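Have a look at the structure below, then the notes.
No value in this document is a laboratory result; all are computed from the given coordinates. No experiment lies behind these values; they were computed from the predicted model shown. Note: ideal-geometry Cβ built from the backbone for every residue, glycine included; neighbour counts use all protein chains shown.
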Amino acid sequence: MNYFRAILFGIVAWMSVYIFLMTVVSFPVTLPTTLITILIYYVFLISVLTFMTYLFYTKDQINGFALGGIILGVETVLNLAIAIPFYLKSNYLGFFIDWRVLVYMSLTLLVPGIYGLIKAIY
């Protein structure tokens, strides 16, 4: 498994989801707490993770849950270093026990894993 490539994919996934979220939140129609904004965010997250996993599987054959774990680790480090201190201005525990973040982390781990299981079957 190419760890450098997996870490790079984690950075790209975090950046694309983060830029998308900041763009959606900047519109006055979509507030960050509305259900439609959260659903659009999760659909975008699933599509980005599926695309990243597809690109990763074209060159490497690995366990999808390992790739999801690496992406989740990279995204957690980037959230700790950039998102929470500079933009969210909240405490770290409050960020990580929010149900939206827990769903986001679960999807980040499960989407590549399920993709890998489906790819192994077919």
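Results, tabulated for the structure shown:
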item: Kirkwood hydrodynamic radius of the chain, from inverse mean 1/r over distinct Cα pairs, in Å; result: 15.0 Å
item: Cα-based helix-to-principal-axis angle, 99-121 vs the chain, degrees rounded to 10; result: 20 degrees
item: Highest-fluctuation residue, F51, F27, F95 considered, GNM on the chain with Cα pairs under 10 Å; result: F27
item: Between helix 64-78 and the chain: long-axis angle, C-alpha atoms, 0 to 90°, nearest 10; result: 30 degrees
item: Calculated [θ] (222 nm, deg cm²/dmol) that DSSP helices of n ≥ 4 give over the chain, each run adding -39,500 (n - 2.57); result: -25000 deg cm²/dmol
item: 0 to 90° range, to nearest 10: angle between helix 35-57 axis and the chain longest Cα axis; result: 30 degrees
item: Calculated FRET efficiency for the pair I114/S90, C-beta based, R₀ 22 Å, to 0.05; result: 0.10
item: Label-point gap, in nm, between T34 and S106 - each point 7 angstrom along Cα→Cβ; result: 2.5 nm
item: Residues S16, S26, S106, sorted so that the one with the fewest Cβ neighbours within 10 Å comes first; result: S26, S106, S16
